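Participant: Before anything else, here's the structure in question.
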Amino acid sequence: MQVEKTEFHGLLILQPKIFKDERGIFFESWNESVFKSHGINISFIQDNQSVSKKNVLRGLHFQNHPHGQGKLVRVTKGSALDVVLDLRKDSKTYGKHFKHKLSDQNATMLWIPYGFAHGFIALEDQTVFQYKCDALYQPESEECIAWNDPSLGIYWGIKKPIVSAKDQEGKLLKDVHLIY
């Protein structure tokens, strides 16, 4: 597995080695020793999956302290533009975002450590998005930052995405009380 660091400390792009033949493809989607070799010791305790129509936007979600979550994310069917936002106030990339296309064709994964908000927009119908989480979902700690907060300057590639009522109520970054 190829691991690429980003300008965002701790945020990694993972590209598995894909084996193709006449039967199809095979790749390793998780390997604990790869993460340990990069100084990351993780125990995943919850897996989540969503299925989205084209142009559905989910996010920007995160869980505040003490229930922060790290996530290993990937698309197993379809494609999505994945977006993460650095919420760590002591980080040189605080308030900046990172985008990367994930798809069933490229098999690329992102490791999103605690301290980032996460969202994505489905680029195809029936896009299946999977998350491996290192902490349980805690609704009392869940927060949502407005996907269209003008201070973030995120270009999602579509003017009118399909957004849940809950995500339409997301707060501006300046109004979120971050506990990190």
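Participant: Could you tell me how far the Cα centroid of the stretch 139-180 sits from the Cα centroid of the stretch 76-93, in Å?
Facilitator: Their Cα centres are 12 Å away from one another.
Participant: Something else now. In terms of solvent-accessible area of protein heavy atoms at a 1.4 angstrom probe, what is the ranking of Glu32, Glu140, highest value first?
Facilitator: Numbers: Glu32 85, Glu140 130 Å².
Ranked list, largest accessible area first: Glu140, Glu32.
Participant: Figure the gain on full extension for Gln168 and Arg23 (residue separation times 0.36 nm, minus the Cα-Cα span) and round it to one decimal in nm.
Facilitator: Details: separation 145, 0.36 × 145 = 52.20 nm, distance 4.37 nm.
Gain on extension, Gln168 to Arg23, equals 47.8 nm.
Participant: Using only the heavy atoms of the protein chains and a 1.4 Å probe, how would His118, His177 rank by accessible area, largest first?
Facilitator: On the way: His118 5, His177 135 Å².
In descending accessible area the options line up as His177, His118.
Participant: Excluding ligands and nucleic acids, what accessible area in Å² is computed for Lys101 using a 1.4 Å probe, to the nearest 10?
Facilitator: 110 Å²
Participant: Now for a different question. What pairs in Lys71/Lys166; Lys20/Lys159; Lys96/Lys159; Lys17/Lys77; Lys77/Lys174; Lys17/Lys101 have C-alpha atoms more than 27 Å from each other?
Facilitator: Lys20/Lys159; Lys77/Lys174
Participant: In nm, give the distance between the simple-model label positions of His9 and Val51, each being 7 Å from the Cα along the Cα-to-Cβ direction.
Facilitator: Label at His9, label at Val51, 4.1 nm between them.
Participant: Could I ask something else about it? How much accessible surface area, in Å² rounded to 10, belongs to the heavy atoms of Glu28 with a 1.4 Å probe?
Facilitator: Near enough 90 Å² of accessible area.
Participant: Under a point-charge model restricted to the Cβ atoms of Lys and Arg (+1) and Asp and Glu (-1), what is the dipole moment magnitude of the chain relative to its Cα centre, in debye to the nearest 20?
Facilitator: Details: 23 positive and 21 negative charges, 80 e Å.
About 380 debye.
Participant: Just need the relative contact order of the chain here, percent rounded to a whole number, with Cα pairs under 8 Å and 6+ apart. Each step should come with its number before you reach the end.
Facilitator: Details: 398 pairs, mean separation 51.9, N = 180.
Once divided by the residue count of the chain, the mean separation gives 29 percent.
Participant: Just to make sure I understand: if all protein chains stay in place, what is the order of Tyr114, Tyr155 by accessible area at 1.4 Å, largest first?
Facilitator: Working: Tyr114 80, Tyr155 155 Å².
Order by accessible area, largest first: Tyr155, Tyr114.
Participant: How much solvent-accessible surface does Phe44 expose, in Å² to the nearest 10, with a 1.4 Å probe and all protein chains in place?
Facilitator: Counting only protein heavy atoms, Phe44 exposes about 40 Å² to solvent.
The values are calculated or read from the model by the stated rules, or taken from the named source; none is laboratory data. This is a predicted model, so every value here is computed, not measured. So basically every Cβ, Gly included, is an ideal-geometry build from the backbone, and we count neighbours across all protein chains shown. Side chains included, ligands, DNA and RNA excluded: accessible areas come from the protein's heavy atoms. Shrake-Rupley method; radii C 1.70, N 1.55, O 1.52, S 1.80 Å.
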